[in-house]
Structure formats: C-alpha cells, structure tokens
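Report on one structure; see the data block that follows.
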Amino acid sequence: MTRKPVQKLILILIVLGLCGWLIYAKGLRYGKDLQGGVSLVYAVSFPEGTSSSQKMDTLNQTIEILKKRVNPNGLLDISMQPMGTDRIEIVMPLMNDEGKRLKKAYEDALGELVKLAEIPEDKLDASLRNHTAVQDWAIPEGSDRAAKVTELQKTYDDIQTAQASLDQARSENAADDVVGLREQELARLEVKYDQEREAVLRLSLEENRITRTISLSSTHEADVDSQSNPVLDANGKPKLRPSQREAAVAILKADYGYLAGGLDKVIAAYDEYTSKRKGLEDPEDLIRLLRGAGVLDFHIAVDPAKPQGVNVDDLKQQLKEKGPDRTESTVAKWFLINDLKQWYKTPQQLQALQVDPEAYFAKFGDGYAVTQYDAQYYMLLYTGPTMAMTHGGDNSWSLTSAGQTVDQYGLPAVSFKLDAAGSALMGRMTGAHVNEAMAIVLDGQVYSAPNLQSRIDGSGIIQGQFSKPDLDYLIRVLASGALEARLSPNPISVSTIGPTIGQENLHKGLYACLVSIIAVAVFMMVYYFFAGLIANVAVLANAIFIFGVMAFMDGTFTLPGLAGIALTIGTAVDANILIYERIREE
C-alpha cells in the first residue's frame, strides 16, 4: 500500500471517529412526529378592506419577524406557516425525557434556594407567633439578617406584653391616665413593629430576581484602554471583564452570603439544563416569547435635574430593594436599556459610564435618570397618559409604514408614519414636551431616547447608533404595523401530539430502518462475499457521516428523515450492485 492511500485511510478513520464521538456526546434530536409535539395557532387581525394578497404578504412578513425573534439562528426545530389568510400555525416538539429530568433538577434546586431566601409575610407572622423566625429560614447567627429578625421578634413579644398589660388595666378599671399611658406605649410599639417588619421583608430574595440573574448573558468582553487597545493581564492575554451574570451573581453573594452554595448549585443545574435543552421544548416558553412580540411604545424620559411629580431617589431605592417590576409609582417606571452601545461613542465614554453610570447619563444629552440593578442598566420613564403612548386599553393605533433613512448627522435611522389615531396621540404627547427626551421602547426595552426637536404628528424618525442587524430587525418590526396590534396575545388553539404516539412512530421507524439495513447487509455478504463486505463497510461509514453531521448541526430527525436515510442506504447499495454486476460481465 502506497503512502497516499494510507493517508486517506487515516483521514477517513479520524473523521469517522469524530462523527462517532459527536453521536455519543451530543445524541440525536427527534422531531415532533417522533417524540410528540405541540401546535399553536394564532389569529392575525387586519384593517377593514385589506385584500387577500395583502393579508398573505403581511402573514409572511409577520412569520419572518417571529422567526427572527424566537429562532434567530435557525437551529431550533420550530416551524411556522400560514393557515388560510388570517392565522399562523407554530409547531414545536415536546421536551424529551432527559430535558424533563434536567428541568426538574433545576426547579428542585431553585425551590430549595427560594425556600431559604424568601420571607413570605404570612409565614413570617406565624414564625413570630411560634418564636421560630430565625430557624425557619436558616439565618446564620450574627448576620445582619439575623439581628433584624431577632429585634423584630423582641418587638413582637413586647407588643404582646403591652397588650396584656392594657387589657389588665381595662379589666381592673384602672385610672384613665394609666390606661392612656399603656395605650400610647402599645401604639409606639406597633409603629416600631411595622417599620422593623418592613425592613425584614425587604431582606427577602425573591425567585424572579434569582431567575433573572442566572439567565443573564455569560459572555465576556475584552477590556480596553482609552485608546481602544486591549488591556493585557500578567500573562500577556487580553483581560476580560466579568460577564453580566458574573457581576449580578457577585452582588447577590455579597448581599446574601449564606446563600452562595445554593446559588452555585442552581446555576450549575440551570447551565446543564440549558446546554441539553437544545431550544424551546416547553410550549409555555414559546408562548411567553410570542406574547407582546413587536410592541412599540413611546415614553417621555425623566430628567433627574427637573423631574415632574417623581421622586427619583425614592424610586432608585425601591428599584434596589424590590426590583424593576415592583416600584410603587403610578407615573413612572424603570425600563431595561437594550444595548449600551447606543449610549457611548468612544472608549473614554464607556469607561466613564462603567465608573459612574448615574452621573454619566445625568449629563448625557439633556439628562436621563439611569441606575444599575443586577449588572443591568435601567432608565426611568414616565407612564402617565399624557407622557406615554402605549398600546392597550382604549389606545388603538398602529404604524402605516417604516423604512431606513438618515438623521441630521448622516447616521442610519428609521423613519416611520402613523395612522390617524397614532398621529393624534403622538401630536398631543410631543407638542407638550418639545426639547425633552422621548424614549423609543420596543418589547419593554429602551432602544433609543432622542430629544424632541419639534412636535411630531404623523411621521418621525428613530435615531441611534444602530448596528445593521438591529436596524433591519427594527424596520421589520415597525413595518409589520406593531405586531401587538395584529397577533392575538394568546394562541386560539393548542393541540398536542402525545408522546406515546411519538414513541410508537419512533420505534416503528427505527425498527424499519434496522431491518432494512440488516437485510441488505446480509444479501450483499451472501451474494458478493468479500466485495459485499467492502460495500457494507462503505454504507456503514456513510450512515455514521450522516448521523455525525446531523448531531454536529443539532439537526432534527423526523419520520420522513428516517425514510430518507433508508433510501440513501438503498441507493448506495444499488450503486454497488451496478458496479459489481458490470465487473462480472467484464
């Protein structure tokens, strides 16, 4: 054997080994017809007088937008297709057994952590009555949390003593001044108890903060100096900044040190679950993603230098203690900033932003109220009816067109036009707030907040340092006329293919493939002897290549796919038969 064939044989064996390892390590994914699946049907509304061709164009456009939202890389086994002219069917497979096991392990770990971290009001009151508050939440002795709970328990006991003393004085018909003093003491203790109880409840770490933290991005970005050069560590490698999740987890561990072990356990379980999940196997995840997709709102931004009816410092404190969704204000709310790249142009500005985000944004443009929470940045926006233009309630408006344009600086921007209802609402809102910042909020996140140079009625532009993908996505969403006004908030039909049916199909499909492969292999061996063995080895290698590449690409096998593999094997064998019969003739 010459050197060249040996090299080819070694290369083939290496590739086969790699494919075999991929099949073993990553496994194979099955489609909804093999492991069960769920079908979601959504209704799409249209203005009166819309033609059938326009409806189909809008349906196809809406499907493209939804695909970019829930399946941006095209790797998930989620199919979307029109049903008639006013509905969209979305089909996805059910979670497999391994995914269910890992999800349960994650949920169990999360439940254990939440049990230690949360302090429900009813359970706190019961614990105080039973004198078990510190033990019920495994609060470490000597910690700040233990000290506050212990002090609360003492105040609670003092109230019981004071109440008993007052009842005794009343039953003994004591003098009015004695009763009055005891009433005053009881009232003082009750006020103190309410304050201490609220302070203890603020120490509770809620489940939504934990889940929000561990779902943050774990991607690291290289640190740069003022000249945009990467900062190197002692080993000469680029120094990476902590990821969003690492920074948020560090904050949690600093505030709740006794939960560090449980938090690490939850993160490990979550990472294992998401690494094996291979997409959105839970239909509720998909429904939540689709709910409110493409909702465009406009809000006037709060200027910290001159807030209108808003106590910015108080809302910052509430954000820190309760999170962005539980602040107590009817006129303003915190909104997550989508991408910090929209808010700085130079490395120096980025450094200033990271050092003191509140001061940076207070001076940026005409000033914004921005603060950091769990390693993310939130902007304070007005939500009152005269300072916000949102969907829902009596507000029924939409965009009539959107496209790419340039702003006054020649930078890419998005132009848009509103319908009659939207024009009236926009004119009323912007006319009263010229020279103030108006935030463009898409799906609950701030994309940009340009200054209002003049009143906007029927049309305007969205400015910002958009990347090409962001610009294309924003245009597609706007061009659909705001999906929230078209797509039903919940599916009008949900149908499930049971996993037992899927397993039956899987077993029968695999059994058919196995029988056909064995039958063909036996025939080749019996009829062609050694040549048949060579053909069988080649066909087996071909099958390993196919399955290995599918595993590498996270490809999904369906019943027609298995039939295609069987046909591929049959075609390969047929080619060998033609070759061998030709050789025999010669």
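Pairs of alpha carbons in region 321-466 separated by more than 24 Å make up 34% of all such pairs. The value of relative contact order for region 427-472, using C-alpha pairs under 8 Å at least six residues apart, is 35 percent.
Relative to the longest principal axis of the Cα atoms of the chain, the long axis of helix 144-171 lies at roughly 40 degrees. For region 287-369, the Kirkwood hydrodynamic radius from C-alpha pairs, put into Stokes-Einstein at 37 °C and a viscosity of 0.692 mPa s, yields a diffusion coefficient of 223 µm² per second.
Assuming R0 = 25 Å, what is the FRET efficiency of Leu578 and Gln7, from their Cβ-Cβ distance, to the nearest 0.05? Once rounded, the FRET efficiency stands at 0.30. Under the combined filter of DSSP loop state and at most 10 neighbouring Cβ atoms within 10 Å, region 284-333 retains these GluC sites (Glu not before Pro): Glu328. All distinct Cα pairs of the chain go into the 1/r average, and the inverse of that average, the Kirkwood radius, is 29.7 Å.
Computed from label points 7 Å out along Cα-Cβ, the spacing between Val549 and Thr571 is 1.2 nm. The calculated FRET efficiency for Asp457 paired with Tyr527, based on their beta-carbon distance and R0 = 51 Å, is about 0.05.
Note on surface exposure: Ser243, Ser454 rank Ser454, Ser243 by accessible area, highest first, 1.4 Å probe.
In summary, the aspartates and glutamates within cross-link reach of Lys306, defined as a Cα separation below 14 angstrom excluding same-chain residues under 8 places away, comprise Asp366, Glu436. Cβ-Cβ distance of Ala432 and Leu116, R₀ of 45 Å, FRET efficiency by 1/(1 + (r/R0)^6): the value works out to about 0.35.
Seen against the Cα atoms of the chain and their longest principal axis, helix 244-255 is set at about 40 degrees. For Ile210, the shell of other residues with beta-carbons less than 13 Å away shows a net charge of -2, using +1 for Lys and Arg and -1 for Asp and Glu. Taking every C-alpha pair closer than 8 Å and separated by at least 6 residues, the mean separation divided by the residue count of region 313-415 gives a relative contact order of 22 percent. Helix 52-70 versus the longest principal axis of the chain: what is the Cα-based angle in degrees, 0 to 90, to the nearest 10? Roughly 80 degrees, rounded to the nearest 10. Between Gln61 and Asn173, the contour length at 0.36 nm per residue exceeds the alpha carbon distance by 32.2 nm. Fully extending the segment from Ser493 to Trp21, taken as 0.36 nm per residue of separation minus the present Cα-Cα distance, adds 165.8 nm. Listed by chain and number, the aspartates and glutamates whose alpha-carbon sits under 17 Å from that of Lys322, ignoring those within fewer than 8 places in the same chain, are Glu118, Glu121, Glu196, Glu198, Glu206, Glu207, Asp255, Asp313, Asp314, Asp374.
The values are calculated or read from the model by the stated rules, or taken from the named source; none is laboratory data. Every value quoted in this text rests on a predicted model; they were computed, and no experiment measured them. Methodologically, a virtual Cβ is constructed for each residue, glycine included, from the backbone with ideal geometry; neighbour enumeration extends over all protein chains shown. Each accessible area value is taken on the protein alone, full model and side chains, heavy atoms only, with ligands, DNA and RNA left out. Shrake-Rupley method; radii C 1.70, N 1.55, O 1.52, S 1.80 Å.
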